[in-house]
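Just so you know, all these numbers are worked out from the coordinates, no wet-lab data involved. Because the structure is a prediction, the values reported are computed rather than measured. Virtual Cβ from ideal backbone geometry, glycine too; neighbours counted across all protein chains shown.
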Amino acid sequence: MVHTLAGNIGHLFVIISFVTAIAAAFSYFKAEQLKSVDWKHTARISFYIHIISVLGVVAVLYHIIYHNYFEYHYVWSHSSRYLPFYYKLSAFWEGQEGSFLLWIFWHVILGLVMIRTFKKWESPVMFIFSLVQAFLVSMILGVVIINLKIGSSPFLLTRDVINAPVFDINPDFIPENGSGLNPLLQNYWMVIHPPTLFLGFAATIVPFSFAISGLWSNRVTEWIKPAVPWALFGAATLGLGILMGAYWAYETLNFGGYWNWDPVENAIFVPWLVLIGGIHTMLIYKRNGAAVKTSFILVIATFLLVVYSTFLTRSGILGDSSVHSFTDLGLSGQLLLYLLVFVLLSIYLLIKKWDNIPSTEKEITSYNSEFWIFIGATVLSLSAFQVILPTSIPVFNSILNNIGIETSMAPPADQVMFYTRFQIWFGIGIAVLTGIGQFFWWKKLEKGKVYQEFALPIVISLIISTLVMALSGLRDLSFLLLLSSGIFAIVSNSRTLLKLSSKNIKLSGGAVSHIGVALMLIGILYSSGLSKVISLNRSGMSYSSDLPEEVNKENILLFQDQPVEMDKYKLTYNGRRIKIDGIGGFYKKDQFNLLNNKYYLTAKEDILKGDLITVSKGDTLKYNPENTYYEVIYTKENGSSFLLYPRLQENPDMGNVVSPSIKRSALRDIYTHVTVVANEEKEWSETEEQEVQLGENFFVNDFVSTVEGFKRIDEVDGIPLEEGDVAVKAQIKIQGKTQDYFLEPIYLIRDNFAARIPDENEALGIRLTVLQIIPDKDALVLGINTTQKDYIILKAIEKPFINLLWIGTLILMIGFSIATVRRAKEIKKG
Amino acid sequence: MKKTHIFGIIIIAIAVMIIIITAGDASTYVTFSEAMKMAAEGNNKKIHVVGQLKKDGEGNVVGLEVTEDKLSVSFMMIDNENIEQKIYYNEPMPPDLQRSEQVVVIGSFREDVFVADKILLKCPSKYEEEEIKL
């Protein structure tokens, strides 16, 4: 039965939440304009109904996903019957509609907090909130007015979206299963990364609303105090979300790192940088009343950049230039309209009120912390500008083409090179400034004393830097500068931290965050700047006879069971493995019988873990047939070894996708992924027949082999034989280069017919079949087929000190939390 | 002149510098003939060329060669002006190369051959969402 009721209720909630958002926006506008308590009352009721209906939409969407209602297109295209509940949560926000809903959800939560805590600001702030909500809800409205599609509803029925003949025959047809969640997203980080990121997105609306309200209600400086803790909270969650995404990319994708300067990554990184800049200028205001204008610009720009990044990633304008933008739902016009509305509204208000905003004409002196912090905010903004400019190349192309100018601008050929060349200098600047800025922040200094005070940290930093450089062999000038400025930032901020810890540790947010940032910069410098391809082989070969230039190959070819030397290791590829749900470890596929349902298999034999039986013979188990793991053993010269399991997914959506396997240690990670694997469907040679006697040596594919004996068996692949059946298993030993292998082909007689079950060995590329048994001669006739041996092509990269990046991230988050709590308490004090 | 003005001028100067360098470093979409002209003029900038693999009448890819060690590949590509060009790629053959509908190679000419540093493929989706499995 098609569950139309749920969808109708869901859609009704969407419409109510849209209407109430508009009603709330209008009433809050009136309330602010007329200073009317009645209007405010109406507005508040509208917003409360809005909250309830948004929660209703969320509940209905989760309900239809949880109960596998594949008659709904959203459920069918993002979920499947076999997903555990936490991946059904990921399915919820995998699509555009669901992720908009997630964003809307966080806005209503934040909105509720605003109404409850900021009575004096309620009307103007909630006007902005409601206006943004109306726009966001309209993205999932799914209404068509005279050929104009407004939003895309998550409650569309599969039959209304897809033209399949089956729906003409039976409109009530319900697909048996959904097409599932993209396997790349079936990762625990993808359960928590999107909610965190969208909470960060949502949080940027708070300082924006305060800034706009400040302009509108002529409270041009009062808005800063309540906005600061929210800006800090937004920066923390957005930063955490970005880094969770980076960590996911590092673990799951194969581009060799955690950050690829992809447009989608850049699009959220830029607002974050600007927001951090805005926080710093707001703190300058709190210190000495300056930088209000800059604060307005940066806080407003942050939110506009969030809207811009939404436009970039969801309008389809990035096209081929990004690996992970959303599918185009044909809503780019709508997105563009919102972007323009908010940009124009902000610019209009800023221009109108510009002269009311105070600006102090105090003398700028380099002995003030404010000066250094301002420079810091400027560096952050320039850094953001440098990132957003090339990221927008597809937008420039599109604008120019629309006004009739043909362009052929392409994104930079080597994105990572391109961005890091600039960004490393911004990084150096930021590191130095955090050291100086924190220093002056806590200490007013006389001109003469500066050199005295700075001498110690500079000397300590130089000593440490020299030691580190000597040990790690850094050569590049910009690398050297980044390292020493990072160390300077850590030393200088640690000194501040030490002093504060004896006075009031609650004030240490700035020092702690800056130590975190410096650690992150050093971690990035080492893990990216000094990452080393260790699968490099200097082959001395050239491209071809046409081009004699020598090239190095960055990959190595590993045939199964043939060890190859690489860097400090000996590598051996042991063969393909699968993972089974619910039990740890990796298994060979031939330990199981496959079933008709491709997600299930049964165990051929008991599987032991130590002495414990984890799986009994015949148990039905669940697994993901898309994933294959390639077991590679790394052996060091001293004999110690470790296993890595790089993965390949045959993903129906994205083709073949490889994911790395990472050996983590305190000082470095060894990151390994397969580049190419042999085709799993082998082409076998024609059968070669050979009569062999028991115990006699013979050759199979140049390997010495012996038939060691026969064995009567009572069951085949766990299925007992029928009466009158006779089955024999031949035991054949093949002497490989490093070990012996045993093959056991089966010969079965039933009703005078012979059935032959061959046995094969992947490592050797050999398949043996017992064609005939000659009992009086103690001999048998073997059918021999050979094939290409299994192989993988692999790339391995060493990433030194990557843990500094993750440790730095945690410290930064702690710093943000300390600062957020401190600034939130200041509001309460009034 | 006030200090704030000097500060402003420095910022604008840096921003302008970023714009100029970005414009200079941005790659371009060109055809093989334009790329060859650029190479002849000594311009070694990395460029994007869009095209397809060379195929025979029956749709089989021709001119694709994988080296014996399987670690690099060369193939024939036809750009949008129907010009044929041999491409060298010093990486193992991307698994989806042969079934790609469109290829974008990013690289530059060296001598007479085009060396690709990066290849972007557009492939037909293996399953079309329009078909529902029964």
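Grab the DSSP H runs of chain A that are 4 residues or longer, score each as -39,500 (n - 2.57), total them, divide by all residues and round the 222 nm result to the nearest 500 deg cm²/dmol.
-16500 deg cm²/dmol
In Å, what Kirkwood hydrodynamic radius results for segment A:375-420 from the alpha-carbon pair distances?
12.1 Å is the Kirkwood radius here.
Using 7 Å Cα-to-Cβ label points, what is the A:Asn752/A:Leu612 separation (nm, one decimal)?
Each label point lies 7 Å from its Cα, and together they span 5.4 nm.
Could you list A:Thr117, A:Thr391 so that the one with the fewest beta carbons within 10 Å of its beta carbon is first and the one with the most is last?
A:Thr117, A:Thr391
For segment A:688-789, compute the orientation-averaged projected area of the C-alpha convex hull (one quarter of its surface), in nm².
6.7
From the alpha carbon gyration tensor of segment B:28-122, can you work out the equivalent ellipsoid semi-axes (sqrt of 5 times each eigenvalue) and give them in Å, largest to smallest?
In descending order the semi-axes read 21, 15, 11 Å.
Would you mind counting up the charge near A:Ser27? Only other residues with Cβ under 15 Å from its Cβ, with Lys and Arg at +1 and Asp and Glu at -1.
My count for the surroundings of A:Ser27 gives +1.
In the structure shown, do any of A:Lys598/B:Lys118; A:Lys711/A:Lys733; A:Lys789/B:Lys54 have a Cα-Cα gap over 26 Å, and if so which?
Long pairs (Cα-Cα over 26 Å): A:Lys598/B:Lys118; A:Lys789/B:Lys54.
Within 10 Å of each Cβ in peptide B:103-114, how many partner chain Cβ atoms are there on average? Round it to a whole number, please.
So the per-residue partner count for this stretch is 2.
Where does helix A:4-34 land angle-wise versus the long Cα axis of chain A, in degrees 0 to 90, nearest 10?
20
If you count, for every residue in A:420-430, the Cβ atoms of partner chains within 10 Å of its Cβ, what is the mean?
1
Rounded, prolate or oblate for segment A:357-507? Axes are the square roots of the Cα gyration tensor eigenvalues, ordered a ≥ b ≥ c, and the cut-off for rounded is a/c under 1.5.
It is oblate, given that a/c is not under 1.5 and a/b is not larger than b/c.
Stokes-Einstein at 37 °C, 0.692 mPa s, Kirkwood radius from Cα pairs: D for segment A:658-734 in µm² s⁻¹?
In µm²/s, the coefficient is 184.
Just to be sure I understand the curve: with the Debye formula and one point per C-alpha of segment A:134-212, what is log10 I(q)/I(0) at q = 0.12, 0.13, 0.23 Å⁻¹?
Here the Debye-derived log intensity ratios amount to -0.66, -0.75, -1.11.
Once each part is reduced to its C-alpha centroid, what is the distance from segment A:425-479 to segment A:398-412 in angstrom?
When both Cα centres are located, 44 Å separates them.
How large is the helix-only mean residue ellipticity at 222 nm for chain B, computed as the sum of -39500 (n - 2.57) over DSSP H runs with n ≥ 4, divided by its residue count, in deg cm²/dmol to the nearest 500?
-8000 deg cm²/dmol
When a/c reaches 1.5 or more, the comparison of a/b and b/c decides; with that in mind, is segment A:56-168 rounded, prolate or oblate per its Cα gyration tensor?
Oblate, since a/c reaches 1.5 and b/c is not below a/b.
Determine the dipole magnitude for chain A: charges of +1 sit on the beta-carbon of Lys and Arg, -1 on that of Asp and Glu, nothing else is charged, the reference point is the Cα centre, and the result goes in debye to the nearest 20.
Roughly 6060 debye, rounded to the nearest 20.
Roughly how many Å is it from the Cα centre of segment A:561-627 to that of segment A:170-203, as a whole number?
Using only Cα atoms to place each centre, the spacing works out to 28 Å.
Would you mind ranking A:Arg421, A:Arg822 by Cβ crowding within 10 Å, fewest neighbours first?
A:Arg421, A:Arg822
Once Lys and Arg get +1 and Asp and Glu get -1 on their Cβ, which of B:Met38, B:Ser72, B:Gly59 lies farthest toward the positive end of the dipole of segment B:28-122?
Farthest along the dipole direction, towards plus: B:Met38.
For the cross-link pairs A:Lys553/A:Lys799; A:Lys553/B:Lys55; A:Lys35/A:Lys828, which exceed 26 Å when the distance is taken from alpha carbon to alpha carbon?
Result: A:Lys553/B:Lys55 exceed 26 Å.
Quick one: 3J(HN,Hα) in Hz for segment A:255-263, Karplus 6.51/-1.76/1.60 with θ = phi - 60°, rounded, Gly and Pro as x.
The phi angles translate into 7, x, x, 9, 8, 10, 6, 6, x Hz.
May I ask for the Rg/Rh ratio of segment A:763-830, computed from Cα atoms with Rh as the Kirkwood radius, given to two decimals?
Radius of gyration over Kirkwood radius for segment A:763-830 works out to 1.74.
More than 44 angstrom separation, counting every C-alpha pair in the protein assembly as shown; what % is that?
Percent of Cα pairs beyond 44 Å in the protein assembly as shown: 44.
When a/c is below 1.5 the answer is rounded, else prolate if a/b is larger than b/c, else oblate, so apply that to segment B:41-84 with a ≥ b ≥ c taken from the square roots of the Cα gyration tensor eigenvalues.
oblate
Ignore the peptide's own chain and count Cβ atoms of other chains within 10 Å of each Cβ in A:145-154; give me the average, rounded.
The per-residue average across the peptide is 0.
Using unit Cβ charges (K, R positive; D, E negative) and no other charged atoms, how large, in debye to the nearest 20, is the dipole of segment A:1-181 about its Cα centre?
Value, rounded to 20: 840 debye.
Work out the charge dipole of chain A with +1 on the Cβ of Lys and Arg and -1 on the Cβ of Asp and Glu about the Cα centre, then indicate which of A:Leu557, A:Thr620, A:Pro226 is farthest towards its positive end.
Toward the positive end, the furthest listed residue is A:Pro226.
Which aspartates and glutamates, on any chain, are close to B:Lys45 with Cα under 17 Å apart, when same-chain ones fewer than 8 places away are left out?
In chain and number order, the partners are A:Asp414, B:Asp25, B:Glu34, B:Glu111, B:Asp112, B:Asp117.
I'd like the Karplus ³J(HN,Hα) series for segment B:105-121: coefficients 6.51, -1.76, 1.60, θ = phi - 60°, whole numbers in Hz, and an x wherever there's a Gly or Pro.
9, 10, x, 7, 6, 10, 6, 9, 10, 9, 9, 8, 8, 8, 10, 10, 10
Counting only GluC sites (Glu not before Pro) that are in a DSSP loop and have at most 13 other C-beta atoms within 10 Å, tell me the longest site-free stretch of chain A.
Longest run free of exposed loop sites: A:177-360.
Using θ = phi - 60° and the Karplus form 6.51 cos²θ - 1.76 cosθ + 1.60, what ³J(HN,Hα) does each residue of segment A:734-750 get, whole Hz, x for Gly and Pro?
10, 8, x, 5, 10, 8, 8, 10, 10, 10, 10, x, 10, 10, 10, 10, 9
Counting only the backbone N, which residues of segment A:477-497 are under 13 Å from the spot 7 Å out from the Cα of A:Met469 toward its beta-carbon?
A:477-488
Please list, or write none, the lysines whose alpha carbon is within less than 23 Å of the alpha carbon of A:Lys30, excluding same-chain residues fewer than 8 places away.
Straight-line reach from A:Lys30, under 23 Å: A:Lys40, A:Lys119, A:Lys120, A:Lys352, A:Lys353.
Set the bar at 20 Å for Cα to Cα. Now go through A:Lys568/A:Lys795; A:Lys449/A:Lys506; A:Lys589/A:Lys622 and name every pair that lies beyond it.
A:Lys449/A:Lys506
Can you tell me the FRET efficiency between A:Asp725 and A:His63 if r is taken as the Cβ-Cβ distance and R0 is 35 Å, rounded to the nearest 0.05?
FRET efficiency, A:Asp725 to A:His63: 0.10.
On a C-alpha basis, how far is the centre of segment A:257-294 from the centre of segment A:685-704 in Å? Whole number, if you could?
Answer, in whole Å: 72.
Of A:Ser513, A:Thr158, A:Ser528, which is farthest on the positive side of the dipole of the protein assembly as shown, counting Cα position, with +1 on Lys and Arg Cβ, -1 on Asp and Glu Cβ, and the Cα centre as origin?
The one lying farthest along the dipole's positive direction is A:Ser513.
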